[in-house]
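This report concerns only the one structure given below.
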Amino acid sequence: MNKTTSFSINKGKPIRCKAAVCRKAGEPFVMEEVQVDPPEAYEVRIKILCTSLCHTDVTFWKIDSGPLARFPRILGHEAVGVVESIGENVDGFKQGDIVLPVFHPQCEECKDCKSSKSNWCSRFADDFLSNTRRYGMASRFKDSSGQDIHNLFYISSFSEYTVVDIAHLVKISPEIPVDKAALLSCGVATGLGAVWKVANVEEGSTVAIFGIGAVGLAVAEAARLRGAARIIGVDLNPDKFEIGKRFGITDFVNSALCKEKTISQVIREMTGGGVDYSFECIGLEPLMEEAFLSTRTGSGKTVILGMTKDILPIRLGSHDILRGRTVCGTLFGGLKPKLDIPIIVDRYLKKELNLDGFITHELGFEEINKAFDLLMEGKSIRCVLWMDR
Amino acid sequence: MENGNSSFGDKKCALKPIRCKAAVSRKAGEALVMEEIMVAPPQPYEVRIRIICTALCHSDVTFWKLQVPPACFPRILGHEAIGVVESVGENVTEVIEGDTVLPTFMADCGDCADCKSHRSNLCSKFPFQVSPWMPRYENSSRFTDLNGNTLFHFLNVSSFSEYTVVDVANVVKIDSSVSPSRACLLSCGVSTGVGAAWETAKVEQGSTVVIFGLGSIGLAVAEGSRLCGASRVIGVDINPDKFQIGQKFGVTEFVNSMTCGNKRVCEVINEMTGGGADYCFECVGSSALVQEAYACCRQGWGKTITLGVDKPGSQICLDSFDVLHHGKTLIGSLFGGLKAKTHIPLLLKRYLSNELELDKFVTHEKKFEEINDAFQLLLEGKCIRCVLWMG
């Protein structure tokens with residue numbers, strides 16, 4: 001029996017499958033059997049093929065109180081899947097399609113989606129906490145006692161099946177290896193977009209990257225492809241330099257060893273005045289300030305990518321900003337998912353983009369806790385969890 | 001002893017100090033004193049200029065009033081002007097005696113990596129700072145009073161004097177046929193505002209623009225936005241008279257920030273614009289206002305441009321969630337992002353072809369000796385630009 005035939009059996013019905021449910025902040029996941037309802041109008045139910053762990057999952061896993069905390073919840077938002085069934089009013093997707101669920105929405109109808117000036121979707125982007133896009137807090141997941149399980153970013157990929165709104169789904173070529181494709185549903189695409197679309201880094205530029213995780217490495221790779229002259233990586237972990245070199249990082253600043261100097265002072269000294277572009281890929285406000293101060297007077301541009309957990313102020317000296325500096329933040333690297341992901345996939349298939357090296361570990365879905373440990377210990381860049389292992 | 005009336009053909013002048021009139025600021029906040037001073041000949045890479053006319057800019061007032069560094073006394077203020085080259089020092093080939101020039105506070109050496117880069121207008125060879133001295137030589141002034149005491153320079157220009165000495169990096173040669181009282185505006189305020197709209201923000205046709213502060217800079221931003229084809233230019237000020245004035249500069253709607261009731265200005269603007277403006281400009285010099293401007297530029301592609309100079313040490317605080325999630329950009333701009341020697345001639349061309357309107361900026365014209373009256377007018381908010389003509 002092939003995949004498509006087996007899909008037809010469940011069409012219109014709930015599916016019982018395995019999921020890693022988070023019931024308490026920071027506690028190991030327990031694999032549970034959950035029920036995944038069929039897709040409503042404008043929704044698609046997908047079978048996850050593999051999912052990778054992104055640091056934002058760790059951040060949200062640890063949140064125990066406040067408006068961002070939800071329990072029980074299925075985390076995970078970087079993944080690749082196959083369409084199992086579609087709801088009404090779904091054009092462009094059919095059973096068997098290989099798809100990327102993407103946390104950043106694109107409704108394709110609002111003024112912003114229709115404009116090329118940004119990847120903002122004014123229809124949906126303001127709300128990232130409901131469980132569904134069009135049906136509020138209704139959930140497609142239920143646990144074995146019938147209780148609703150909350151969603152993460154409209155994806156929830158730590159489950160064998162999930163239901164995704166079409167605004168969060170991108171169809172891709174089946175030619176790209178699926179584990180590489182999954183990287184493009186969040187971290188790596190974010191880093192590439194930040195360099196190519198948001199900053200538009202030019203040949204010969206100098207770049208500083210704060211945080212050498214998957215996003216930071218993607219920024220480095222993208223800057224290298226643009227012909228950046230110097231790519232300075234900043235991290236607490238000295239091992240990151242070796243990894244970073246493979247992605248184009250030319251200089252390393254260990255932020256733990258700067259002593260009396262600030263990171264920005266060190267960078268300004270190294271570069272005779274500061275870098276053309278700095279990227280904050282961690283999500284810590286003091287580092288965003290350092291990234292800002294690392295840039296060159298007159299032309300420095302700072303792009304903030306890191307997802308923060310607390311909402312603290314970023315303080316920018318008016319004297320420094322006045323002197324020709326630019327600061328902006330970006331979600332998903334300024335990319336419009338449905339437009340730009342296929343373009344990136346195409347570049348990969350034409351061998352213009354190398355996605356090797358991001359995946360440092362591969363585990364079976366049930367080993368999800370080990371994946372969390374590896375990331376928190378700084379031992380992995382991307383760990384892929386295969387559903388069928 | 002040579003005086004200010006010597007002709008340019010007289011080579012003896014070129015090597016000698018010139019004695020002439022200047023308005024010297026001797027004590028913070030006190031009337032400028034018209035006195036005779038000595039202006040030394042230009043050193044290598046310097047140009048001595050006979051000022052034709054000079055306009056009063058708010059930055060002159062700021063450093064006249066200020067009692068702490070970088071204010072210093074006695075000083076020759078003034079930095080928005082037009083003049084004629086009287087003599088040049090060695091190694092100056094860009095201009096010759098008789099050329100009409102604008103001295104500019106913003107250096108454009110043409111040589112350093114930043115001057116050569118299209119991404120920056122901030123010369124790193126002569127970084128922008130409020131210094132008492134000539135930029136190229138340490139602790140060096142070309143001015144002395146008749147008792148031989150040093151008089152400090154201001155912003156590399158010091159135009160409240162019949163003659164001044166300026167580094168060649170701060171000199172822009174221009175077409176001599178332009179009306180001086182209009183051309184001088186391009187050496188500071190108008191260029192800053194027009195440039196901010198045109199070069200820094202790159203305002204597009206049909207855009208919605210909000211301008212916080214309708215002083216000369218804000219009005220110049222309005223003029224620049226008008227030239228760029230903005231469809232709505234919303235002016236924000238505490239002075240209701242500014243609306244009528246602003247209308248001449250393309251301001252289409254006005255928000256009096258004192259009469260918004262319970263609402264914050266940003267809320268009013270977000271309502272008026274259905275979610276925020278494409279571009280917000282802060283032209284006052286208050287970090288709190290920059291934050292307000294940021295709050296009413298549009299999510300997705302909104303840009304906030306800060307032009308105003310706040311107190312040293314002031315900080316703009318942005319909410320990190322807002323920065324990451326809402327797609328807005330904050331840009332700082334000095335001198336409107338313009339490279340003096342490249343862009344001023346372009347702005348002048350646009351004035352000569354009747355696109356850029358400069359006449360409406362000049363609300364008063366007086367004689368140099370009436371400079372203290374000009375200060376009063378500006379302090380009372382009764383003028384936009386008051387141009388002072390040298391004898």
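The values are calculated or read from the model by the stated rules, or taken from the named source; none is laboratory data. The structure displayed is predicted, hence computed values, not measured ones. Don't worry about glycine lacking a Cβ; one is built from the backbone with ideal geometry, like all the others, and counts go over all protein chains shown. Note: areas computed on protein heavy atoms with side chains; ligands, DNA, RNA excluded. Shrake-Rupley method; radii C 1.70, N 1.55, O 1.52, S 1.80 Å.
Across segment A:97-120, the qualifying residues are those that are in contact (Cβ under 8 Å) with a residue 24 or more places away in the chain and more than 17 Å from the chain's Cα centre (by Cα), and the one among them that is nearest to the other protein chains (Cβ to nearest Cβ) is A:118.
Of all residues in segment B:318-346, those being farther than 30 Å from residue B:177 by Cβ, at the interface with chain A (Cβ under 7 Å from one of its Cβ atoms) and either among the hydrophobic types (A, V, I, L, M, F, W, C) or part of a helix (DSSP H, G or I) (or both) number 8. Scanning segment B:231-257 for residues that are hydrophobic (A, V, I, L, M, F, W, C), part of a loop (DSSP other than H, G, I, E, B) and over 20 Å from residue B:379 (Cα atoms) returns B:249, B:251.
Within segment A:288-309, take every residue that is more than 8 Å from chain B (Cβ to nearest Cβ) and open to solvent by 40 Å² or more (accessible area, probe 1.4 Å) and give me the one that is nearest to the chain's Cα centre (by Cα). So, considering only residues that are more than 8 Å from chain B (Cβ to nearest Cβ) and open to solvent by 40 Å² or more (accessible area, probe 1.4 Å), the one nearest to the chain's Cα centre (by Cα) is A:309.
For segment A:314-325, filtered to residues that are touching a helix residue (DSSP H, G or I) at 6+ places or on another chain (Cβ under 7 Å) and open to solvent by 20 Å² or more (accessible area, probe 1.4 Å), the residue that is nearest to the other protein chains (Cβ to nearest Cβ) is A:315.
Determine whether segment B:96-110 contains at least one residue that is in contact with a strand residue (DSSP E or B) (Cβ under 9 Å, 6 or more places away or on another chain), away from chain A (no Cβ under 14 Å), in a loop (DSSP other than H, G, I, E, B) and among the acidic types (Asp, Glu). Yes, segment B:96-110 contains a residue that is in contact with a strand residue (DSSP E or B) (Cβ under 9 Å, 6 or more places away or on another chain), away from chain A (no Cβ under 14 Å), in a loop (DSSP other than H, G, I, E, B) and among the acidic types (Asp, Glu). Scanning segment B:287-317 for residues that are open to solvent by 20 Å² or more (accessible area, probe 1.4 Å), more than 9 Å from every other protein chain (Cβ to nearest Cβ), of a type outside the set (D, E, K, R) and in contact with a helix residue (DSSP H, G or I) (Cβ under 9 Å, 6 or more places away or on another chain) yields B:289, B:291, B:295. On the stretch given as segment A:238-250, residues that are buried (at least 16 other Cβ atoms within 10 Å of the Cβ) and farther than 20 Å from residue A:196 by Cα total 3.
Name the residues in segment B:231-246 that are among the aliphatic types (A, V, I, L, M) and open to solvent by 40 Å² or more (accessible area, probe 1.4 Å), would you?
Initially, segment B:231-246 is screened for residues among the aliphatic types (A, V, I, L, M), giving B:233-234, B:236, B:238, B:245.
The answer is B:238, B:245.
Return the total of residues in segment A:203-227 being free of Cβ contacts under 8 Å to residues at least 60 places away in the same chain and surrounded by fewer than 24 Cβ atoms within 10 Å (Cβ to Cβ). Looking only at that region, the number is 5. For segment A:251-283, the set of residues classified as in a strand (DSSP E or B) and surrounded by fewer than 24 Cβ atoms within 10 Å (Cβ to Cβ) consists of A:251, A:252, A:253, A:254, listed by residue number. Reported count of residues in segment A:5-43, each being under 13 Å from residue A:163 (Cβ atoms) and hydrophobic (A, V, I, L, M, F, W, C), is 6.
To keep it simple, each residue is scored yes or no on (1) surrounded by 14 or more Cβ atoms within 10 Å (Cβ to Cβ); (2) in contact with a strand residue (DSSP E or B) (Cβ under 9 Å, 6 or more places away or on another chain); (3) within 14 Å of another protein chain (Cβ to nearest Cβ); (4) β-branched (Val, Ile, Thr).
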{"position": "A:128", "(1), (2), (3), (4)": "yes, no, yes, no"}
{"position": "A:142", "(1), (2), (3), (4)": "yes, yes, no, no"}
{"position": "A:148", "(1), (2), (3), (4)": "yes, yes, no, no"}
{"position": "A:152", "(1), (2), (3), (4)": "yes, yes, no, no"}
{"position": "A:156", "(1), (2), (3), (4)": "yes, yes, no, no"}
{"position": "A:163", "(1), (2), (3), (4)": "yes, yes, no, yes"}
{"position": "A:166", "(1), (2), (3), (4)": "yes, yes, no, yes"}
{"position": "A:172", "(1), (2), (3), (4)": "yes, yes, no, yes"}
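Kindly check whether there is at least one residue in segment B:142-149 that is in contact (Cβ under 8 Å) with a residue 24 or more places away in the chain, in the same structural domain as residue B:119 (by the TED database), surrounded by 24 or more Cβ atoms within 10 Å (Cβ to Cβ) and farther than 28 Å from residue B:291 by Cβ. Yes: segment B:142-149 contains one or more residues that are in contact (Cβ under 8 Å) with a residue 24 or more places away in the chain, in the same structural domain as residue B:119 (by the TED database), surrounded by 24 or more Cβ atoms within 10 Å (Cβ to Cβ) and farther than 28 Å from residue B:291 by Cβ. Residues in segment B:327-348 include none that are within 20 Å of residue B:103 (Cα to Cα) and more than 18 Å from the chain's Cα centre (by Cα). Is one or more of the residues making up segment B:70-87 open to solvent by 10 Å² or more (accessible area, probe 1.4 Å) and without any contact (Cβ under 8 Å) to a residue 24 or more places away in the chain? No, that holds for no residue.
Of all residues in segment A:125-141, how many are in contact with an Asp or Glu (Cβ under 9 Å, 6 or more places away or on another chain) and more than 14 Å from residue A:337 (Cα to Cα)? Number of matching residues: 10.
Taking the condition of being part of a helix (DSSP H, G or I) and surrounded by fewer than 18 Cβ atoms within 10 Å (Cβ to Cβ), how many residues in segment B:258-280 meet it?
Of the residues in that region, 3 qualify.
Of the listed requirements (1) touching an Asp or Glu at 6+ places or on another chain (Cβ under 7 Å); (2) among the aliphatic types (A, V, I, L, M); (3) under 30 Å from residue A:353 (Cα atoms), residue A:172 misses just one: (1). Of these, A:370, A:350, which one is surrounded by fewer than 23 Cβ atoms within 10 Å (Cβ to Cβ), assigned by the TED database to the domain that holds residue A:62 and modelled with pLDDT of 95 or more? Matching residue, one of A:370, A:350: A:370. Within the set B:366, B:382, the sole residue that is at pLDDT 95 or above, assigned by the TED database to the domain that holds residue B:63 and not aromatic (Phe, Trp, Tyr) turns out to be B:366.
The set of residues from segment A:177-197 being surrounded by fewer than 24 Cβ atoms within 10 Å (Cβ to Cβ) and in a helix (DSSP H, G or I) comprises A:178, A:179, A:180, A:196, A:197.
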